[in-house]
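Undergrad: The structure under discussion is supplied below as structure tokens; questions concerning it will follow.
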Amino acid sequence: MTAQTARVPLPRSPILLRESVGPIAVLTLNRPEARNSLSEGLIGELHAALNEIRDDSSVRAVVIAASGAAFCAGHDMKELTARRGDPDRGRGYFAEIMNACSAMMQAIVHLPKPVVAAVQGIATAAGCQLVASCDLAVASEAAGFATPGVDIGLFCSTPMVALSRNIPRKQAMEMLLTGEPISAATAKNIGLINRVVAEGTQDDVLFAVQRAARDRNAIPATG
């Protein structure tokens with residue numbers, strides 16, 4: 001048997017993991033090799049999971065977390081640039097992806113259950129938008145936030161909407177126009193996140209959310 005014939009493709013890991021911790025649904029972005037960038041597939045799976053949760057009366061809150069070093073690096077630029085060879089140079093596909101991503105973010109905003117971001121690493125562009133779209137956010141001291149579209153000649157206009165609804169205008173414009181990252185401590189000070197915790201302990205948010213979910217006065221039942 002040659003090395004070539006013995007080679008067996010490894011099974012692919014799910015790009016979105018879902019588990020239940022009591023009444024809490026934990027959705028984990030699971031593309032660590034791509035810095036959990038929002039590919040077409042991941043956007044679709046996250047949106048589908050949110051729709052299922054919306055109608056599931058057993059779920060009282062949601063935590064969005066991520067595997068690996070980065071929380072979310074925004075859109076999958078490799079996936080987008082690969083469509084430059086399309087007859088329209090990818091414009092149709094780009095519009096489709098942006099619309100799908102906006103619809104997924106709105107599913108978070110309109111979910112009748114609290115959604116908490118547990119941020120362990122960098123969240124940039126649409127990843128920063130994802131954090132801003134959640135109702136609450138807890139971040140590790142190692143986390144950072146940025147809207148760096150200007151670095152490649154783009155303006156993060158869609159992330160701007162969610163960002164500017166969380167933080168004051170001047171701070172939002174500084175992030176959008178400079179692309180410079182801010183620390184978790186700065187993000188808390190300007191209102192992008194609720195709490196900064198020691199590195200590796202941001203998942204403790206599960207226990208706090210679970211306690212709140214048990215309190216019917218804190219989180220009304222839905223469904």
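Undergrad: Within the group 187, 172, 162, which residue is more than 17 Å from the chain's Cα centre (by Cα) and of a type outside the set (Ser, Thr, Tyr)?
TA: Details: 187 fails: more than 17 Å from the chain's Cα centre (by Cα); 162 fails: more than 17 Å from the chain's Cα centre (by Cα).
Checking each option against the conditions leaves just 172.
Undergrad: Within segment 65-74, can one find any residue that is surrounded by fewer than 16 Cβ atoms within 10 Å (Cβ to Cβ) and more than 16 Å from the chain's Cα centre (by Cα)?
TA: No, there is no match, as no residue in segment 65-74 is surrounded by fewer than 16 Cβ atoms within 10 Å (Cβ to Cβ) and more than 16 Å from the chain's Cα centre (by Cα).
Undergrad: When you scan segment 172-197, how many residues do you find that are free of Cβ contacts under 8 Å to residues at least 12 places away in the same chain and within 20 Å of residue 158 (Cβ to Cβ)?
TA: So the answer is 2.
Undergrad: Looking at 146, 218, 208, 198, can you tell me which residue is aliphatic (A, V, I, L, M) and at pLDDT 95 or above? Walk me through how you get there before you give the answer.
TA: Numbers: 218 fails: at pLDDT 95 or above; 208 fails: at pLDDT 95 or above; 198 fails: at pLDDT 95 or above.
The unique qualifying residue is 146.
Undergrad: Shifting gears a bit: Taking segment 141-155 on its own, how many of its residues are more than 15 Å from the chain's Cα centre (by Cα) and either open to solvent by 60 Å² or more (accessible area, probe 1.4 Å) or closer than 25 Å to residue 195 by Cα (or both)?
TA: Kept after step one, since they are more than 15 Å from the chain's Cα centre (by Cα), are these residues of segment 141-155: 141-142, 148-155.
Next, from what is left, pick out any that are either open to solvent by 60 Å² or more (accessible area, probe 1.4 Å) or closer than 25 Å to residue 195 by Cα (or both): 141-142, 148, 151-155.
Final tally of qualifying residues: 8.
Undergrad: Restricting to segment 47-87, name every residue that is closer than 16 Å to residue 106 by Cβ and in contact (Cβ under 8 Å) with a residue 40 or more places away in the chain.
TA: 47, 50, 51, 53, 54, 62, 64
Undergrad: Moving to a separate point now. If you go through segment 109-131 one residue at a time, how many are open to solvent by less than 10 Å² (accessible area, probe 1.4 Å) and under 20 Å from residue 35 (Cβ atoms)?
TA: Let us first name the residues in segment 109-131 that are open to solvent by less than 10 Å² (accessible area, probe 1.4 Å), namely 113, 115-119, 121, 123, 126-128, 130-131.
When the remaining residues are screened for being under 20 Å from residue 35 (Cβ atoms), the result is 117-119, 121, 123, 126-128, 130-131.
Residues flagged as open to solvent by less than 10 Å² (accessible area, probe 1.4 Å) and under 20 Å from residue 35 (Cβ atoms) within segment 109-131 amount to 10.
Undergrad: I need the strands (runs of 3 or more DSSP E) fully contained in segment 20-119, keeping only those with at least 3 residues that are among the acidic types (Asp, Glu) and either under 14 Å from residue 130 (Cα atoms) or touching an Asp or Glu at 6+ places or on another chain (Cβ under 6 Å) (or both). Spell out the reasoning first.
TA: Numbers: elements: 24-29, 61-66, 115-119.
Of the strands (runs of 3 or more DSSP E) lying wholly inside segment 20-119, none has at least 3 residues that are among the acidic types (Asp, Glu) and either under 14 Å from residue 130 (Cα atoms) or touching an Asp or Glu at 6+ places or on another chain (Cβ under 6 Å) (or both).
Undergrad: Looking at segment 82-101 only, could you name the residues that are modelled with pLDDT under 95 and either within 30 Å of residue 142 (Cα to Cα) or of a type in the set (Asp, Glu) (or both)?
TA: Of everything in segment 82-101, those that are modelled with pLDDT under 95 and either within 30 Å of residue 142 (Cα to Cα) or of a type in the set (Asp, Glu) (or both) turn out to be 86, 88, 96, 97, 98.
Undergrad: Now a separate question. Given (1) open to solvent by 60 Å² or more (accessible area, probe 1.4 Å); (2) over 25 Å from residue 77 (Cβ atoms); (3) touching a strand residue (DSSP E or B) at 6+ places or on another chain (Cβ under 9 Å), identify the lone condition not met by residue 180.
TA: Going through the list (1) open to solvent by 60 Å² or more (accessible area, probe 1.4 Å); (2) over 25 Å from residue 77 (Cβ atoms); (3) touching a strand residue (DSSP E or B) at 6+ places or on another chain (Cβ under 9 Å), residue 180 breaks only (2).
Undergrad: Could you go through segment 42-50 and let me know if any residue there is open to solvent by less than 20 Å² (accessible area, probe 1.4 Å), at pLDDT 95 or above and over 12 Å from the mean Cα position of the chain (by Cα). Before you say what the answer is, go through the steps one by one.
TA: Filtering segment 42-50 down to residues open to solvent by less than 20 Å² (accessible area, probe 1.4 Å) leaves 42-43, 46, 49-50.
Next cut, at pLDDT 95 or above only: 42-43, 46, 49-50.
From the residues that got through so far, the ones that are over 12 Å from the mean Cα position of the chain (by Cα) too are 49-50.
Yes, there is a match, as at least one residue in segment 42-50 is open to solvent by less than 20 Å² (accessible area, probe 1.4 Å), at pLDDT 95 or above and over 12 Å from the mean Cα position of the chain (by Cα).
Undergrad: Hey, does segment 14-34 have a residue that's at pLDDT 95 or above and polar (S, T, N, Q)?
TA: Looking for residues that are at pLDDT 95 or above and polar (S, T, N, Q), one finds at least one in segment 14-34, hence yes.
Undergrad: Another question, then. Check residue 36 against each of (1) at positive phi; (2) in contact with a Lys or Arg (Cβ under 9 Å, 6 or more places away or on another chain); (3) among the polar types (S, T, N, Q) and name the one condition it does not meet.
TA: All conditions pass for residue 36, except number (2).
The values are calculated or read from the model by the stated rules, or taken from the named source; none is laboratory data. Nothing here was measured: the structure is a model prediction, and the numbers come from that model. Please note: Cβ atoms are built from the backbone with ideal geometry, for glycine as well, and neighbour counts cover all protein chains shown. Each accessible area value is taken on the protein alone, full model and side chains, heavy atoms only, with ligands, DNA and RNA left out. Shrake-Rupley method; radii C 1.70, N 1.55, O 1.52, S 1.80 Å.
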